[in-house]
Amino acid sequence: METKKMNDVIVIGAGIAGTFVARELARYELDILVIDQESDVANATTMANSAIVHAGYDAKPGSQKSFFNIQGNPMFDQVCEELDVPFKRIGSLVIGFDEEDRQTIDKMYEAGLKNHIPEMSVIETDQIKELEPNISDKVRVALYAKTAGIVSPFELAIALAENGIENGVKYQLETKVIGIEKQNGYYEVHTSRGDYQARTIVNCAGVYADQISQMVGDTSYSIHPRKGEYYLLDKKAGKLFNHVIFQTPTDHGKGVLITPTVHGNVLVGPDSNFVGEKDDVSTEAMSLQEIRNIASKSSDKIPFNQVIRTFAGLRASSDMGDFVIGESKVAKGFIHVGGFESPGLSAAPAVAKYVVEIIKDISGGLREKVTFNPRRRPVVRFAELNLEEKQKCVEEDPNYGNIICRCEQVTEAEIIDCIHRDMGATTVKGVKKRTRPGMGRCQGGFCEPKVVEILARELNRPIEEVSYNGSKAYIVTEETKKQI
Ligand SMILES: Cc1cc2nc3c(=O)[nH]c(=O)nc-3n(C[C@H](O)[C@H](O)[C@H](O)COP(=O)(O)OP(=O)(O)OC[C@H]3O[C@@H](n4cnc5c(N)ncnc54)[C@H](O)[C@@H]3O)c2cc1C
């Protein structure tokens with residue numbers, strides 16, 4: 001009879017939470033398996049959010065959100081440097097238009113001081129205009145937080161997964177967890193692709209984390225997805241704004257923001273609406289119009305005629321009003337990373353370290369892995385190189401001379417490399433997330449067929465078996481204009 005391999009830890013979910021936790025655990029002598037139902041890491045909420053590393057002044061003092069955001073923010077410089085992921089500390093502004101906003105901003109500043117947030121100041125119109133020449137003339141006051149940053153959340157998750165694999169972590173994708181049974185001293189995890197065993201489970205299942213918890217009899221929280229929609233603007237608009245620009249928050253949250261992205265686009269959004277379905281990432285004309293109206297108050301110079309895409313993400317809002325992080329009270333060895341809505345991205349590196357501490361406690365200590373390598377092989381971003389560097393690349397590999405995506409200037413060599421890395425791309429969307437063909441103005445209109453061909457060739461698959469995003473999204477079904 002076949003004996004199943006016992007894992008020390010199974011992480012359910014390969015978004016930013018799961019990939020961070022797994023990479024942090026890889027520092028120790030542990031067998032770690034990450035399971036995700038999607039065809040790639042970072043295909044859910046980690047793919048669709050504002051991408052801001054928040055300074056940490058605004059979460060309720062004493063909450064888990066506040067604690068982990070404040071701890072997590074300073075960790076981004078090192079991890080993004082180690083993993084060669086774009087991260088920019090551009091700073092944020094919370095802008096106010098009247099006396100009421102000024103009072104809120106003063107309170108946020110005070111809360112920030114109590115939370116020991118460095119490099120914050122309250123600034124007035126002249127200084128605001130100097131920082132942001134295209135901001136509305138009606139802005140009177142702003143909270144300036146220099147430590148806020150922007151990152152590419154899905155590139156970070158991919159890099160964490162790649163580095164995790166290099167350090168021994170196993171990933172099992174396109175595998176849905178459908179049940180968990182408590183056995184004597186371990187868990188039996190039933191999935192769409194068979195059963196797996198683990199002494200400890202870390203639940204990083206995003207909007208589905210409550211359902212996973214229920215599988216071990218823990219009903220302590222439920223998750224109600226809250227959708228946020230966005231406009232993404234062309235890089236032509238990229239120089240209009242320099243900071244993350246929030247409006248003064250209301251009871252409904254941080255509100256609609258304008259921000260540059262690490263790749264030089266502009267993001268405008270999100271709104272905030274509870275939805276019934278955990279996979280409802282549709283966008284609607286009315287919601288988008290409302291976002292446009294609100295954002296136009298911050299600046300009347302947003303060029304909405306340069307929108308290249310709209311999209312939506314789902315916040316995993318829990319009925320606890322906070323993150324739910326810690327060992328389950330009813331299932332020993334089952335660890336929650338639940339209710340992981342904003343500022344989950346900012347908090348993730350600190351949460352991962354905390355989860356390791358819990359596992360150390362549960363298992364009576366962990367042995368460090370002396371071979372752990374925190375760095376991954378750097379990625380060539382051809383478009384960002386100078387002429388000399390480009391020429392050197394082409395001399396070393398002529399595939400750098402073949403531009404596949406004209407909008408984003410992505411070369412064939414970069415695409416080939418991203419397919420053959422650990423946690424390499426296997427789908428068109430996977431290539432898009434890693435090297436950006438399809439992220440530009442034409443949204444893949446010109447380059448997608450070429451990417452399909454490269455994927456088929458490099459993965460040695462028939463072209464009909466190359467999908468956009470996993471097994472349900474094939475692109476080519478059969479040959480047309482066949483010679484009869
Ligand atoms: C509109 C919006 C804006 C945001 N802006 C910011 C921001 O600017 N800054 C910030 O810090 N945070 C922000 N956040 C929050 C941040 O995006 C999230 O905290 C973070 O991405 C959550 O990561 P995760 O890994 O928990 O979830 P996810 O990325 O959703 O990953 C969960 C994974 O679990 C898998 N899974 C679920 N169920 C199963 C199952 N049964 N079997 C197998 N796999 C399963 C899914 O496939 C998925 O890949 C925002 C969120 C939203 C929605």
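Here, each number is a calculation from the coordinates, and none is a lab measurement. Note that this is a predicted model, so its numbers are computed, not measured. Cβ: placed from backbone, ideal geometry, glycine included. Neighbour counts: every protein chain shown.
Points to keep in mind about this one:
- Label zone at residue 239, where the point sits 7 Å out along the Cα-to-Cβ direction: segment 97-141 residues whose backbone N lies under 20 Å: 129-136
- Prolate/oblate/rounded call for segment 1-117, Cα gyration tensor, a/c under 1.5 rounded: prolate
- Here residue 282 and residue 370 are evaluated by their C-beta separation; at R0 = 41 Å the FRET efficiency comes out at 0.25.
- Average Cα contact separation per residue, segment 248-399, under 8 Å, 6 or more apart, as relative contact order %: 12 percent
- Scanning residues 5 or more positions from residue 256 or on other chains, those with amide H under 5 Å from its amide H are 247, with H placed 1.01 Å from N in the peptide plane.
- Backbone phi angles across segment 265-279, fed through the Karplus curve with coefficients 6.51, -1.76 and 1.60 (θ = phi - 60°), yield HN-Hα couplings of 8, 10, 10, 10, x, x, 8, 8, 9, 5, 10, x, 9, 7, 10 Hz in residue order; Gly and Pro are listed as x.
- In a DSSP loop and with at most 11 other Cβ atoms within 10 Å, there are no chymotrypsin sites (Phe, Trp or Tyr not before Pro) in segment 258-349.
- Length gained on full extension, residue 88 to residue 222: 44.8 nm, using 0.36 nm per residue less the C-alpha separation.
- Helix-only [θ]222 nm of the chain, DSSP H runs n ≥ 4, -39500 (n - 2.57) each, per residue, nearest 500: -9000 deg cm²/dmol
- Site-free segments of the chain were taken between GluC sites (Glu not before Pro) in DSSP loops having at most 10 other Cβ atoms within 10 Å, sites themselves excluded; the longest one is 3-477.
- Classification of segment 107-230 by its C-alpha gyration tensor yields a prolate form. The axis ratio a/c (a ≥ b ≥ c) is 1.5 or more, and a/b outweighs b/c.
- Relative contact order %, the chain, counting alpha carbon pairs below 8 Å whose residues are six or more apart: 19 percent
- Stretchable slack from residue 332 to residue 124, in nm (0.36 nm times residue separation minus alpha-carbon distance): 69.6 nm
- Stretchable slack from residue 116 to residue 469, in nm (0.36 nm times residue separation minus alpha-carbon distance): 122.8 nm
- Restriction of the trypsin sites (Lys or Arg not before Pro) in segment 388-438 to DSSP coil positions whose beta-carbon has at most 14 other beta-carbons within 10 angstrom yields 406.
- Each label point was placed 7 Å from the Cα along the Cα-to-Cβ direction; for residue 387 and residue 131 their separation is 3.8 nm.
- Classification of segment 365-484 by its C-alpha gyration tensor yields an oblate form. The axis ratio a/c (a ≥ b ≥ c) is 1.5 or more, and b/c is at least a/b.
- Residue-by-residue Karplus 3J(HN,Hα) for segment 5-20, coefficients 6.51, -1.76, 1.60, Hz, glycine and proline x: 6, 8, 8, 6, 9, 10, 9, 9, x, 10, x, 5, 5, x, 5, 5
- Under the combined filter of DSSP loop state and at most 16 neighbouring Cβ atoms within 10 Å, segment 392-484 retains these chymotrypsin sites (Phe, Trp or Tyr not before Pro): 446.
- Over segment 382-465, Cα pairs under 8 Å with separation of 6+ residues give a relative contact order of 23 percent.
- Couplings for segment 214-221, taken from phi via the Karplus curve 6.51 cos²θ - 1.76 cosθ + 1.60 with θ = phi - 60°, read 4, 5, 9, x, 9, 10, 5, 8 Hz in order; Gly and Pro are left as x.
- Each listed q (0.14, 0.19, 0.31 Å⁻¹) maps to a log10 I(q)/I(0) for segment 174-231, found by the Debye formula over equal Cα scatterers with no solvent: -0.45, -0.72, -1.37.
- Each principal axis of the chain carries a Cα extent, and these read 74, 65, 44 Å when sorted largest first.
- Residues whose amide H falls under 5 Å from that of residue 42, counting only those 5 or more places apart or on a different chain, are 14, 15, with hydrogens built in the peptide plane.
- Unmatched cysteines, the chain - criterion: no other Cβ of a Cys under 4.7 angstrom: 80, 204, 393, 407, 418, 442
- Debye intensity ratio in log₁₀ form over the Cα atoms of segment 187-337, taken at each q of 0.18, 0.22 Å⁻¹: -1.00, -1.28
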